[in-house]
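Shown next, in structure tokens, is the structure this report addresses.
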Amino acid sequence: MSHNSTCPGFTAVDRASLGIPEVGVGMLGYRFMGRAHSNAYQRLPMFFWPPAAIPRLVAICGRTGPAVQEAALRFGYEGYYTELDEMLADPRIVLFDNCASANAHSAPTLAAIAAGKHVLCEKPLATTAAEAKQMWQAAEQAGVIHMTGFNYRLVPAVHYIRELIEQDVLGQIYSFRGAYLQEGGDNPDRPWSWRSDRSQGGYGAIGDIGVHIIDLARFLVGEITSLTAMTQTFVRERPIADRPGQVGKVTVDDVFVSTVAFEGGAIGTIEASKVATGRKNQNTFEINGSKGSVVFDLERLNELQIYLKDGPVKGLEGFSTVSITERDHPFYQFWWPHGHIIGWEHSFVHEVNVMLRAITLGEPVSPYAATFEDGYRALAVGEAALASAETGQRIDLQY
């Protein structure tokens, strides 16, 4: 027997008979991250079966009517709004997903919290650590579930590294070396925007991609207690798109490099660059411990380089490449047969699964996914790096 429905997913009868609740989703923004999150909601019940809840894509919100209407149709939403307050007043919406630009994270998220919605907000959580802290405290006081979109925590290989560390397989952690490198900022013809101006909440390499590698360092090694840093801006002016012949000053960093100390005694380096010529999206790190070491590179997402002192066969010492695609590896029971790789987009499926389980089953978001507190702390580290670069001093972190 077939069921016809004008809405995506299951009919109400199907859901009721299976005893699966639904969680209504309202999304702000419909570009890069909007597509990634919408795809995750659509894929979730296909693989995580039975899901904790069926995501019901109620509405998507944006400023431009025809564009947001097209996005709603394309992504499978039941409708759309051009006014955020109208969407937040919709009683069908339980989860507010903020995929807008960083300068539209704080106020809309605070409004959603005030409306009693649970919130998943993309990184960086805000344009300043103070704003992020306000969002975190507001969510805690309101008793709503909150998540920051640090999806790389939920890449199977990264989650596996966390398990190795928790099981003491790597021993005492000595050092962390991480870098997130992209080339997009090296084009001097890229137009000036608010992102180019720190006074408008603009963010450079630290705020855009640096927060990802900062979060991974915190997630895997522990809290960062102090740091020193240097920053540099190479493209200092950019053309203003709607003003021929005029340029705007760039007051954010193109690249930063820092040395950090962790609360457990480990030390390390963290860097990010938007002018790493030839690098498309390299997010890589190495962790060295007393019993072994591990290396990850996002561009080889399903692999790890692992060395264990007690592991190698004599005469074959050195790093081994391990494919994190076995059924007993993190998340793989939901995907394909062993040896079949998954992609970047699947980390968002893992992310929304954690969020829906937290909403419907009361399971915690942390420590394996990131809360607003994690979003705040990553920005606090980033701002400490800026302060160190400006003063030339080592900064002790005060959260």
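The values are calculated or read from the model by the stated rules, or taken from the named source; none is laboratory data. In this text the structure is predicted, and so the values were computed from the model without any measurement. Using ideal geometry, Cβ is built from the backbone for each residue, glycine included, and neighbour counts are taken over all protein chains shown.
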message: Restricting to the range 20-64, give me the number of residues that are out of contact with any helix residue (DSSP H, G or I) (no Cβ under 7 Å at 6 or more places or on another chain), among the aromatic types (Phe, Trp, Tyr) and surrounded by 24 or more Cβ atoms within 10 Å (Cβ to Cβ).
response: 0
task: Assess whether Val211 counts as being under 30 Å from Ile165 (Cα atoms), part of a helix (DSSP H, G or I) and either in contact with a Leu (Cβ under 9 Å, 6 or more places away or on another chain) or among the aliphatic types (A, V, I, L, M) (or both).
output: yes
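Using the structure shown, decide if Lys133 is among the basic types (Lys, Arg), more than 21 Å from Thr360 (Cα to Cα), crowded, with 23+ Cβ neighbours inside 10 Å and in contact with a helix residue (DSSP H, G or I) (Cβ under 8 Å, 6 or more places away or on another chain).
no
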message: What are the pairs with Cβ atoms under 7 angstrom where one residue, in the range 154-165, is closer than 17 Å to His212 by Cβ and the other, located anywhere, is assigned to a helix (DSSP H, G or I) and of a type in the set (Asp, Glu)? Sequence gap at least six, or different chains.
response: Leu154/Glu351
message: Here is a list: Leu88, Leu84. Which entry is hydrophobic (A, V, I, L, M, F, W, C), in contact (Cβ under 8 Å) with a residue 60 or more places away in the chain and over 19 Å from Thr371 (Cβ atoms)?
response: Leu88
- prompt: What strands (runs of 3 or more DSSP E), lying completely within the range 263-314, carry at least 3 residues that are crowded, with 16+ Cβ neighbours inside 10 Å and among the polar types (S, T, N, Q)?
  reply: 282-289
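I'd like the full set of residues that are crowded, with 16+ Cβ neighbours inside 10 Å and not polar (S, T, N, Q), limited to the range 178-189.
If the condition is that a residue be crowded, with 16+ Cβ neighbours inside 10 Å and not polar (S, T, N, Q), then Gly178, Ala179, Tyr180, Leu181, Glu183, Gly185, Asp186 are the ones that fit.
How many residues, within the range 86-133, are hydroxyl-bearing (Ser, Thr, Tyr) and not in a helix (DSSP H, G or I)?
3
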Counted residues, the range 381-399 - those being more than 14 Å from Glu263 (Cβ to Cβ), in contact (Cβ under 8 Å) with a residue 40 or more places away in the chain, part of a helix (DSSP H, G or I) and not hydroxyl-bearing (Ser, Thr, Tyr): 6
- prompt: Out of all the residues in the range 29-60, which are of a type in the set (Lys, Arg) and touching a strand residue (DSSP E or B) at 6+ places or on another chain (Cβ under 7 Å)?
  reply: Arg56
message: Taking the criterion of being surrounded by fewer than 16 Cβ atoms within 10 Å (Cβ to Cβ), closer than 21 Å to Tyr41 by Cβ and modelled with pLDDT of 95 or more, would at least one residue in the range 91-100 satisfy it?
response: yes
field: Search result, residues across the range 38-85 that are assigned to a strand (DSSP E or B) and touching a Lys or Arg at 6+ places or on another chain (Cβ under 7 Å)
entry: Ile54, Val58
query: Just for the range 136-148: of the residues that are within 16 Å of Leu356 (Cα to Cα) and of a type in the set (A, V, I, L, M), which one is surrounded by the most Cβ atoms within 10 Å (Cβ to Cβ)?
result: Met147
